[in-house]
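Data first, discussion second: the structure below is written as structure tokens.
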Amino acid sequence: MKKIILGAILMASTLSLHAQDERVLLTVDGEPSTVSEFLYIYNKNQHEAQVTRQSLDEYLDMFVNFKLKVAAAHEAGLDTLASFKQELEGYRRQATPRYMTDTVALENLIAQTHQNMLNDRSIRHIAIRCPYSASDSAVAAARGKIELARERVTTGIAKISGKGKNRKITHTPEDFANVALEVSDDPSVTDNAGLVGWVTPFRFVYTFEKAAFATPVGQVSEVFRTPFGFHILKVEAEQPHKEVNASHIMKLTSLLKTTDEKSRRTNDSIIQAAKLKIDSIYELAKAGENFGALAMAKSDDRGSAQRGGSLGWFGRNQMVREFEDVAFSMHQEGEISKPFRTNYGWHIMQFNGERGTGTLEETHDDIKARIMKSEHRLEVEKAFEDKLKQEYGFTENIAALSDFYAAAQGCNTLSDSAFVARIADLKEYMFTIDDVKYYQNDFTEYLSRNNKSQYGSMSAALDEKYEYFKANMLRETENRHLESKYPELRNLVKEYHDGIMLFDISLKEVWDKAGQDTAGLKRYFEEHKADYVWSAPRYKGWVIKAANPVALKAAKTIIKNFPADSVAKIVAQRINTDTVTYVRCERGLWEKGQNAAVDKLGFKDKKVELPQDSVFKYTVCVGKKLKGAEEYTDEQGKVTAAYQDYLEKQWLAKLHEKYPVVINKEVLESLRQELE
């Protein structure tokens, strides 16, 4: 119920042009409400297309009542409760992410990614293994290897020839593929000489992708690092991005892995048998049989067979090389390839179409969603943090970090007791954000709560944590300023605050009270009994169905002599058993047409025929016809709702007496004129 009410109060709508109008429209118990706050809530709850003087004045009365209830909730201390604070913070947390980003940087990255998607790049790379967990010495050694490899393929290693005046120093760059074969730690290098293939956005880690598209064609990148290690890459070619839509039929070749002569002959037989099968299917397809039906009936790739062999859209480097070569060599829709072989088996393929990259407008939302789910978003986060540094006058004493490096000597982890002891008394200034200074002991405290790192190098781990610490402090600073920077957020959070208060105080003063005040409900019903007269009579009582006359008589006796709420229990104890049910009693208040037994026996409608029941052969009704409710429980929902309205009116009358309401008539009249 609470979520429904808050949802109704807080439903989304366009903000008024007066969103930043800070004129005080009214005060309730001395608490001011501005024009912007009033119009913000008014616009969310106003369904009329045209604002009128009457609608504005009517809503002003509702707004005053709303604020009176909030004042009562505030006096009751509801906003000091831990549960209230937690709930409010939860709502605020949901509302703030859209403000905690750099939208310009995001749009720039979307545009750049789209630009990269227009062309695929053929990449060859050299990788030197060096996981983040590597030690400082291992990192230094790996970096030395990759830098030497880069020198060999760019400027070349210096070679000295001749002596004296004939002495010459020459630099001859080496072939990238040869160097890759010699030094790369990529497990596949012996098969591909470092050739990665065609690269498109979102298919590799972002640092790799970024280097691939930032490096000019024919050039070698700078050294960069991924979780695998250090890399350099060479952009060998570029071509327009293309995707193919194709279907295929495959006959699987499950080959033996042993290499003896017998196994070789067996494998040859398997390959030949699969070839004969695919050839026959190919002839059927060429003769005009439906390719999809053939795939469903005959393909060993059961996943795609269920879709008529469809593989959907795919780009370069998404399929094995032999498959890709065939797919991208076809251009005529409906064309069927000749049989070809991959490591999986024999295939034939049907070409269904091709496409390039859509426009930025067409792909914008998809690119944005993929950015926010990938490493790419870190680029936007970094841009946001850089913007905050500018906005909040960030200054830094970078030398203060050297004390932590010194303390880390001889230690292996940030939780090392020796390291923790050495940094315990560090108190030098580290950086300033928004005129607030942060010291080494602040960083130490942060490290105590965040001492796990992916890096094995202590210096790298400290660098990582220091960057996170600065980013967190920048974001906390921005978070504290959001309401002052964004009036629409301030109004929304205020609305959340007051909406929760309204719900909680109404629950206490009206809703729960009405539901629990049995005496008050009875009294209210008796005073307003005439409001609960029905347009047609209803039957109130019992429908008894029994297996025999004895059980029927016993049930009628129980209903006559015991309270209605106890009947079911007593019937179960005295008449029915755990295994046999002799009688069923149903209590209710029925309109004509709702129950056949009541219609025939209660309303005496002779036209109604009761269905035959082989078990419960005896049916009677015990009760009476009523023109209107005789007690409040006969219309409990309506009576409770009316009693709630009654209590709320009484409560509001007391609130109007208790809390002074002052409306700035000059501002109100000005607002009326501006909106008309």
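So the values come out like this:
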| read-out | value |
| --- | --- |
| Unique residue being over 30 Å from S83 (Cβ atoms), free of Cβ contacts under 8 Å to residues at least 60 places away in the same chain and either surrounded by fewer than 18 Cβ atoms within 10 Å (Cβ to Cβ) or among the hydrophobic types (A, V, I, L, M, F, W, C) (or both) when the list is E526, E476 | E526 |
| Sole exception among (1) polar (S, T, N, Q); (2) surrounded by fewer than 15 Cβ atoms within 10 Å (Cβ to Cβ); (3) part of a helix (DSSP H, G or I); (4) in contact with a Phe, Trp or Tyr (Cβ under 7 Å, 6 or more places away or on another chain) for Q454, by number | (3) |
| Considering residues of region 390-416 that are of a type in the set (V, I, T) and either under 25 Å from R475 (Cβ atoms) or part of a helix (DSSP H, G or I) (or both) only, the residue modelled with the highest pLDDT | T395 |
| Residues of region 138-185 classified as over 20 Å from H231 (Cβ atoms) and open to solvent by 80 Å² or more (accessible area, probe 1.4 Å), total | 10 |
| Tally, over region 519-536, of residues that are acidic (D, E) and farther than 11 Å from A629 by Cα | 1 |
| Residue in region 360-409 that is nearest to L462 (Cα to Cα), counting only those that are open to solvent by 60 Å² or more (accessible area, probe 1.4 Å) and polar (S, T, N, Q) | Q409 |
| Selection count, region 233-282, where residues are among the small types (G, A, S) and within 26 Å of M330 (Cα to Cα) | 5 |
| Flag for G623 being under 30 Å from E509 (Cβ atoms), open to solvent by less than 80 Å² (accessible area, probe 1.4 Å) and not aromatic (F, W, Y) | no |
| Test: residue in region 332-355 that is of a type outside the set (A, V, I, L, M, F, W, C), assigned to a helix (DSSP H, G or I) and under 27 Å from I110 (Cα atoms) | no |
| Selected residue (only one of E107, E58 is within 27 Å of E381 (Cβ to Cβ) and without any contact (Cβ under 8 Å) to a residue 60 or more places away in the chain) | E107 |
| Enumeration of residues in region 171-193 that are touching a residue at least 40 places away in the same chain (Cβ under 8 Å) and either closer than 20 Å to Q318 by Cβ or among the polar types (S, T, N, Q) (or both) | S184, D186 |
| Tabulated pairs, region 414-426, first free of Cβ contacts under 8 Å to residues at least 40 places away in the same chain, second assigned to a loop (DSSP other than H, G, I, E, B), C-beta under 6 angstrom, 6+ apart or interchain | S415/N451; A418/C411; F419/A408; F419/C411 |
| Elements of type helices (runs of 4 or more DSSP H) in region 242-329, at least 1 residues being under 30 Å from R124 (Cα atoms) and in contact with a strand residue (DSSP E or B) (Cβ under 7 Å, 6 or more places away or on another chain) | 321-327 |
| Elements of type helices (runs of 4 or more DSSP H) in region 65-167, at least 2 residues being closer than 29 Å to N178 by Cβ and modelled with pLDDT of 95 or more | 136-153 |
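Each row is one residue, and each column tells you yes or no for (1) β-branched (V, I, T); (2) open to solvent by 30 Å² or more (accessible area, probe 1.4 Å); (3) over 30 Å from V220 (Cβ atoms); (4) touching a helix residue (DSSP H, G or I) at 6+ places or on another chain (Cβ under 9 Å).
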residue	(1), (2), (3), (4)
Q239	no, yes, no, no
S263	no, no, yes, no
L294	no, no, yes, yes
G308	no, no, yes, yes
H331	no, yes, yes, no
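The values are calculated or read from the model by the stated rules, or taken from the named source; none is laboratory data. This structure is a prediction, so every number in the text was calculated from the model and none was measured. Please note: Cβ atoms are built from the backbone with ideal geometry, for glycine as well, and neighbour counts cover all protein chains shown. For the accessible areas, the whole protein counts, side chains as well, though only heavy atoms, and no ligand, DNA or RNA atoms are used. Shrake-Rupley method; radii C 1.70, N 1.55, O 1.52, S 1.80 Å.
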